[in-house]
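One structure is given here, and the rest of the page talks about it.
The values are calculated or read from the model by the stated rules, or taken from the named source; none is laboratory data. What you are looking at is a predicted structure, and each value in this text was computed from that prediction instead of being measured. All Cβ positions, even for glycine, are placed from backbone atoms using ideal geometry, and neighbour counts span all protein chains on display.
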Amino acid sequence: MAMRLDLEKLNIFYGDFHAVQDVNLSVAPRSVTAFIGPSGCGKSTVLRTINRMHEEIPGAYTKGKILLDGVDINGKDVDPVAVRRTIGMVFQRPNPFPTMSIRENVVAGLRLQGVRSKSKLDEVCEKSLRGANLWDEVKDRLDKPGGGLSGGQQQRLCISRAIAVEPAVLLMDEPCSALDPISTLAVEDLISELKTDYTIVIVTHNMQQAARVSDQTAFFNLEATGKPGHLVEINPTEKIFSNPDLKETEDYIAGRFG
Ligand SMILES: Nc1ncnc2c1ncn2[C@@H]1O[C@H](COP(=O)(O)OP(=O)(O)OP(=O)(O)O)[C@@H](O)[C@H]1O
């Protein structure tokens, strides 16, 4: 199920603005990769190209390749909707459908795919909520609205919704930035468990979080405002935080940046 991801000479544009330059990186199946770097260096932009959401912005386009198990996701015959089903995304702010029940939130993607069998939907609902460590907290109120959960529960509900369609890759854009420390730890534990089934890429501003949850870390930077962001260094997380190859990385990690 989990797949390998390769970005090859990826360049990303918003119209005339060259936002990200020449990114080459690989993400192994069943691993967590953290993207770190200062604001505006293009972390979220890279993430959004990986499930073809970037192209939804008028004038936005990419050059280079994004390969999923060797297949170009921007290939001529590839349907962007199929890509988004294979590569799921969890956003910064939990965004459940607030009036929809917890159960319906989880199975929304399956319903869109045309699954009608109640037993199948119930089975996936339970499995996905268990997978997101939320089942015990909500099993007695599956018919209550998703908007009635706490922020941390809502984010785990969104993770349940993302994994219900069994993606190969899970992209997470600062998934804990709106959560309190306890909920953050719950989501971090969950990320560590999910990597046994998924390939995960997470954008985070929190260095400790990158150090706690990821196997490899990619440090992005930009020379100046208006210049494109680029990948400075990618290495095993332990190395990035203890003995990075480049002084630029060390300075950022040590807070001596800018
Ligand atoms: N929709 C857009 N249209 C035009 N430019 C954009 C758009 N979204 C982002 N950008 C620009 O692309 C560059 C990279 O932005 P991006 O949000 O990817 O950075 P980031 O590293 O994720 O930042 P942050 O850590 O603050 O979230 C920035 O200069 C930003 O202003």
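Can you go through Leu47, Leu121 and tell me which one is at pLDDT 95 or above, touching a strand residue (DSSP E or B) at 6+ places or on another chain (Cβ under 6 Å), assigned to a helix (DSSP H, G or I) and of a type in the set (A, V, I, L, M)? Even if it seems obvious, please write down each step before you answer.
Numbers: Leu121 fails: touching a strand residue (DSSP E or B) at 6+ places or on another chain (Cβ under 6 Å).
The conditions single out Leu47.
Among the residues of segment 71-86, is there at least one that is within 16 Å of the ligand (Cβ to nearest atom) and under 30 Å from Ile240 (Cα atoms)? Before you say what the answer is, go through the steps one by one.
First, pick out the residues of segment 71-86 that are within 16 Å of the ligand (Cβ to nearest atom): none.
No, because not a single residue in segment 71-86 is within 16 Å of the ligand (Cβ to nearest atom) and under 30 Å from Ile240 (Cα atoms).
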Residues in segment 1-23 that are more than 18 Å from Pro167 (Cβ to Cβ) and either within 16 Å of the ligand (Cβ to nearest atom) or among the β-branched types (Val, Ile, Thr) (or both) total 14
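Taking Met89, is it hydrophobic (A, V, I, L, M, F, W, C), within 16 Å of the ligand (Cβ to nearest atom) and surrounded by 19 or more Cβ atoms within 10 Å (Cβ to Cβ)? Give the derivation first.
On the way: hydrophobic (A, V, I, L, M, F, W, C): yes; within 16 Å of the ligand (Cβ to nearest atom): yes; surrounded by 19 or more Cβ atoms within 10 Å (Cβ to Cβ): yes.
Answer is yes for this residue.
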With the structure loaded, tell me whether Leu157 is touching a residue at least 40 places away in the same chain (Cβ under 8 Å), buried (at least 17 other Cβ atoms within 10 Å of the Cβ) and outside any helix (DSSP H, G or I) or whether it fails that test. no
Could you tell me which residue of segment 171-229 is surrounded by the fewest Cβ atoms within 10 Å (Cβ to Cβ), considering only residues that are under 24 Å from Asp22 (Cβ atoms), polar (S, T, N, Q) and away from the ligand (no atom under 16 Å from the Cβ)? Gln216
Of the conditions (1) without any contact (Cβ under 8 Å) to a residue 60 or more places away in the chain; (2) closer than 30 Å to Phe219 by Cβ; (3) crowded, with 20+ Cβ neighbours inside 10 Å, Pro94 fails just one. Which one is it? (1)
Is it true that Pro167 is buried (at least 23 other Cβ atoms within 10 Å of the Cβ), farther than 20 Å from Val124 by Cβ and at pLDDT below 95? no
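Considering only residues that are surrounded by fewer than 17 Cβ atoms within 10 Å (Cβ to Cβ) and within 20 Å of Lys139 (Cα to Cα), which ones fall in segment 112-125?
From segment 112-125, those surrounded by fewer than 17 Cβ atoms within 10 Å (Cβ to Cβ) are 112-120, 122-123; that's our starting set.
Of everything in segment 112-125, those that are surrounded by fewer than 17 Cβ atoms within 10 Å (Cβ to Cβ) and within 20 Å of Lys139 (Cα to Cα) turn out to be Ser117, Lys118, Ser119, Lys120, Asp122, Glu123.
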Check whether at least one residue in segment 57-67 is under 28 Å from Ala211 (Cα atoms) and within 15 Å of the ligand (Cβ to nearest atom), and report yes or no. no
Is it the case that some residue within segment 229-248 is among the acidic types (Asp, Glu) and more than 23 Å from Ala28 (Cα to Cα)? yes
For segment 24-42, give me each residue that is under 25 Å from Ala82 (Cβ atoms) and either in a loop (DSSP other than H, G, I, E, B) or within 12 Å of the ligand (Cβ to nearest atom) (or both). Ala28, Pro29, Arg30, Ser31, Phe35
Note on segment 85-118: residues under 15 Å from Cys158 (Cα atoms), charged (D, E, K, R) and assigned to a helix (DSSP H, G or I) are Arg85, Arg103, Glu104
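Name the residue, out of Asn235, Asn221, that is of a type in the set (S, T, N, Q), in contact (Cβ under 8 Å) with a residue 60 or more places away in the chain and part of a strand (DSSP E or B).
After applying the criteria, what remains is Asn221.
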